[in-house]
Every structure is written in C-alpha cells, then in structure tokens.
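Trainee: My structure is below; once you've seen it, I'll send some questions.
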Amino acid sequence: IAVILLMVVQLRQIRRLSEEHSRAAKEALAASQAKSAFLAAMSHEIRTPLNGIIGMTEILCDGTLTPSQRSNLGVIRHSGDILLDVINDILDFSKLESGGVDLEETPFRVSEVVEGIAHIMAPRAGQKGLTFDWDASDETILSDPTRIRQVLINLVGNAIKFTETGRVTVRASVVPRRAGYGVLKMSVSDTGIGMSPETQ
C-alpha cells in the first residue's frame, strides 16, 4: 500500500511538472510571436519615412548643386541605404522566426543581380578609396533573386567594412545542371583583415 501511495504521489508530481513545463513553453512561444510581430510592425513603420528620405535625396541630387552640397547629400543617401539594409534584415529575421519567409523560384540572369549590387556597393567602396571589381555570368538560373541579393549585400558590405586598402571583388558563375538551369557559385574576396579559423 505504501509503495502504491508513493507511486501515486510521484505520478501527480510528474503530471504537475509536465503541466508547468507545457504552460511555460506556451508562454515562451507567445512571447516570441509577440516580439516577432512587434519587430515586423516597427520595421514597416520605420521603413516608410526612410524611403521618403531616400527618395527626396535622389530628387535633390538631380538638381543644380555645388560639389559640397552633392557630397553632403551623398552622405545622407549612403547612410539611408545602410539603415534601410538594417531594417530589412530585422524584418527578415522576424519573418524567419514566425515561419513567414517564402522562397521564390524565378528565372533571372545572374549578371543583372550582381550588376545591381555593384551599383549600390561600388560608391561605398569608392568612399574608402577601394577598388570594386565584379564579374558575373550572363546565364539564367532558377532561384530567389531577392534572397541572393540580400546575401551578396551582406557579404560585400562586410568586405568593404573590414578592408582599409586594396580591393573587393565579386565573382558569380553557373555550374551547368539539368532542365536548362544551373547551380550558382558566388565568391566575395577582399584585401582586408580576413577571418580567424574560429570565425570561419
């Protein structure tokens, strides 16, 4: 009888602990979802006026300006682009946490994506006195150009950030595969400080 009573008590304790863990897990999930929703909402709210600032900066740059004014506007535009990248990263992070990121499968030319990155990042490299080189295949692949663009922006941005002298180089080629499409192979190299084995 004592053993049975002891087993009953232990089973009750196990059930109580299980219920507490289940409740804590649900609360943690709800908190995580609330954080993701907040990040997504704030990212959208910040991005709207920021796009207005960037757009007006572009309009002002098309006008008649002194070299000093054009340089100052360039700094504003450059800072706005960087901030927009950060906000987009936050938004993507919140989508990833909530499982809301959908990958596209769209045919696109590799050179068009890389050239677009070059237009954005080459001025940043130029401001630091760096040479920016790129070479990309004209072939068409089936993938998500938006995500590839984001990956490249992050890699090239870090390369420019941690390179004081020399150059940053982007290469993109296609390894042929089935169905007329290929596998994209990209590399970003620089003459900066490099990465430690631990970081790699």
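The values are calculated or read from the model by the stated rules, or taken from the named source; none is laboratory data. Just so it is clear, the model here is predicted, and its values are computed rather than measured. Don't worry about glycine lacking a Cβ; one is built from the backbone with ideal geometry, like all the others, and counts go over all protein chains shown. Surface accessibility is based on the protein's heavy atoms, side chains included, excluding ligands, DNA and RNA. Shrake-Rupley method; radii C 1.70, N 1.55, O 1.52, S 1.80 Å.
Trainee: Based on what the data block shows, is residue 146 farther than 21 Å from residue 177 by Cα and at pLDDT 90 or above?
Mentor: no
Trainee: Could you tell me how many of the residues in the range 53-76 are closer than 30 Å to residue 38 by Cβ and open to solvent by less than 70 Å² (accessible area, probe 1.4 Å)?
Mentor: 3
Trainee: Return the pairs, sorted by first residue and then second, in which the second residue is surrounded by 10 or more Cβ atoms within 10 Å (Cβ to Cβ) and part of a helix (DSSP H, G or I), the first residue lies in the range 9-32 and is on the phi < 0 side of the Ramachandran plot, the beta carbons are less than 7 Å apart, and the residues are 6+ apart or on different chains.
Mentor: Within 7 Å, the pairs are 32/97.
Trainee: Being of a type in the set (A, V, I, L, M, F, W, C), more than 26 Å from residue 83 (Cβ to Cβ) and open to solvent by 30 Å² or more (accessible area, probe 1.4 Å) is the filter here; which residues of the range 124-153 pass it?
Mentor: Within the range 124-153, 142 is the sole residue that qualifies.
Trainee: If you don't mind, there's one more thing I want to ask. Give me the residue from the range 117-133 that is assigned to a helix (DSSP H, G or I) and among the small types (Gly, Ala, Ser) and, out of that set, farthest from residue 73 (Cα to Cα).
Mentor: Among those that are assigned to a helix (DSSP H, G or I) and among the small types (Gly, Ala, Ser), it is 118.
Trainee: Let me confirm something: among 170, 113, 174, 156, which residue is within 20 Å of residue 79 (Cβ to Cβ), crowded, with 17+ Cβ neighbours inside 10 Å and touching a residue at least 24 places away in the same chain (Cβ under 8 Å)? Walk me through how you get there before you give the answer.
Mentor: On the way: 170 fails: within 20 Å of residue 79 (Cβ to Cβ); 113 fails: within 20 Å of residue 79 (Cβ to Cβ); 174 fails: within 20 Å of residue 79 (Cβ to Cβ).
Within the list 170, 113, 174, 156, the selection yields 156.
Trainee: May I pose another question? Find the residue count for the range 175-200, including only residues that are part of a strand (DSSP E or B) and either of a type in the set (Phe, Trp, Tyr) or modelled with pLDDT of 90 or more (or both). Lay out the reasoning, then the answer.
Mentor: The first filter runs over the range 175-200 and keeps only residues part of a strand (DSSP E or B), leaving 175-176, 182-190.
Within this subset, residues satisfying the condition of being either of a type in the set (Phe, Trp, Tyr) or modelled with pLDDT of 90 or more (or both) are 185-190.
The total comes to 6.
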